[in-house]
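K.L.:
Structure provided below as structure tokens; questions to follow.
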Amino acid sequence: MSTPALEAAEAVGLPHRVIRHGPVRTLAEAARARGVATADVVKTLVVRRGEDDFLFVLVPGDRAISWPKLRRLLGVSRLSMPDAAVARQATGYERGTITPFGSARPWPVIADERVRGRTITLGAGEHGLALAADAGAILRALHASVADISDPEPAT
């Protein structure tokens, strides 16, 4: 079984490993199912800069987007997260499966600097499916910008 995400990763020559696991409800469950630390489950978030202007933000699972840092980096005063329907229209993927690989449109990618130097996992376009690869190789394949754009995930 393949997905547009896996096909795109293969098309750019990204060395990766496919991980198939059952349904998960939380990021911690995803980490356990993938056999990795929470920080190595990288969240792909869709952020809207303006009308039909989106970008992907990659953040380690134990961190959250720092909106002030991201706005400062992009030189904008306002950013938002689209609802699930708009995110699907912009990417071709439903929430929980979103990845920059194989997206309906090639939006820019900004990754938090803390993903570097490790093997990370990203969603691969379907629930219960992920790809694992060297973060540096992923960032190069996606032509990602890298910056300090996150804060520790708030304690629950």
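The numbers here are math on the coordinates, done by the rules we state, and not lab data. This one's a predicted model, so the numbers in the text were calculated from it and none came from an experiment. Every residue, glycine as well, gets a Cβ built from its backbone with ideal geometry; the counts of neighbours run over all protein chains shown.
K.L.:
Looking only at the range 41-68, which residues have a backbone nitrogen under 18 Å from a spot 7 Å from the Cα of Gln89 in the C-beta direction?
P.N.:
What the label zone holds, given the 18 Å backbone N cut-off, is 46-56.
K.L.:
Follow-up. When the distances between all Cα atoms of the chain are binned every 5 Å from zero, what whole-number percent does each bin get?
P.N.:
2, 10, 20, 24, 23, 15, 6, 1, 0
K.L.:
Here's a follow-up. Roughly how compact is the range 91-131, stated as its Cα Rg over 2.2 N^0.38 Å to two decimals?
P.N.:
For the range 91-131, the normalised Cα radius of gyration comes out at 1.22.
K.L.:
If packing is taken as the average number of other Cβ atoms within 10 Å across a peptide's residues, how do 138-144, 76-82, 123-129 rank, most packed first?
P.N.:
Packing order, densest peptide first, comes out as 123-129, 138-144, 76-82.
K.L.:
Right, here's the next one. Give me the percent of DSSP beta bridges within the range 4-152 that run antiparallel, rounded to the nearest 5.
P.N.:
75
K.L.:
Could you give the dipole magnitude of the range 4-152 about its Cα centre, charging the beta-carbon of Lys and Arg +1 and that of Asp and Glu -1, in debye to the nearest 20?
P.N.:
That gives a dipole near 260 debye.
K.L.:
Okay, next question. Quick query: amide H of Thr119 versus all other amide H atoms, modeled in the peptide plane; which residues come in under 5 Å with a sequence gap of 5 or more or a different chain?
P.N.:
Amide H neighbours of Thr119, under 5 Å, 5+ apart: Ala135.
K.L.:
Between beta-carbons, use under 12 Å as the cut-off and find the net charge around Asp134, counting Lys and Arg +1, Asp and Glu -1.
P.N.:
+3
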